[in-house]
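Have a look at the structure below, then the notes.
The values are calculated or read from the model by the stated rules, or taken from the named source; none is laboratory data. None of these values were measured; they are calculated from a predicted model. Using ideal geometry, Cβ is built from the backbone for each residue, glycine included, and neighbour counts are taken over all protein chains shown. Heads up: the accessible areas ignore ligands, DNA and RNA and are worked out on the full protein's heavy atoms, side chains in. Shrake-Rupley method; radii C 1.70, N 1.55, O 1.52, S 1.80 Å.
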Amino acid sequence: MKKTDRLAESYRILGVSPGASLQQIKKVFHHKALLYHPDANPGATAAAAEFKNITRAYGIIRAHLQKQAAENRLPDSTPAPGRGSCAADCDPFALSKELSARHRQPQAKDPAPDLRAALEHFRNRKLRERDAQVGELALRMTREELGFRLEH
């Protein structure tokens with residue numbers, strides 16, 4: 001069976017159109033897989049066979065869509081691996097270096113020191129506010145009230 005025939009058959013088995021997104025296909029696959037799963041249908045050989053067909057079809061479609069997505073991400077000026085020749089003076093690892101540079105994420109700065117500093121600032125501000133409130137209260141109170149409050 002040709003590759004295009006297997007792909008068309010896979011779309012037919014899952015009951016989705018060839019233009020469906022991977023998320024839509026995954027949703028249909030999960031729904032059908034739950035219906036025909038051997039654990040949900042113990043002893044039903046037809047359900048087990050259908051589950052295998054659904055799983056195989058989903059794998060074929062997913063691999064096809066992932067390959068398409070990978071081909072679309074390649075730059076137009078760089079030939080896809082195995083589809084062109086490299087001039088004698090070009091770096092054979094240029095494509096690998098370019099792709100790894102694209103996927104390399106910049107290292108995120110550790111937020112812990114900034115968070116610690118912000119928390120310390122907030123704590124110090126709250127302590128100063130509390131000290132100011134206690135000082136104002138102490139100024140308004142007589143010595144006897146202050147002594148009584150401190151003892152109890």
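Structure values in brief
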| quantity | calculated |
| --- | --- |
| Checklist (1) modelled with pLDDT of 65 or more; (2) closer than 30 Å to residue 8 by Cα; (3) aliphatic (A, V, I, L, M) applied to residue 118, failing item | (2) |
| Region 43-57, residues that are within 18 Å of residue 9 (Cα to Cα) and either in contact (Cβ under 8 Å) with a residue 24 or more places away in the chain or open to solvent by less than 80 Å² (accessible area, probe 1.4 Å) (or both) | 49, 50, 51, 53, 54, 55, 56, 57 |
| Of all residues making up region 13-34, the number that are touching a residue at least 12 places away in the same chain (Cβ under 8 Å) and over 19 Å from residue 68 (Cβ atoms) | 4 |
| Qualifying positions in region 1-49 - of a type in the set (A, V, I, L, M) and not in a helix (DSSP H, G or I) | 1, 16, 20, 40, 44 |
| All positions within region 1-42 that are exposed (fewer than 11 other Cβ atoms within 10 Å of the Cβ) and of a type in the set (Asp, Glu) | 5, 39 |
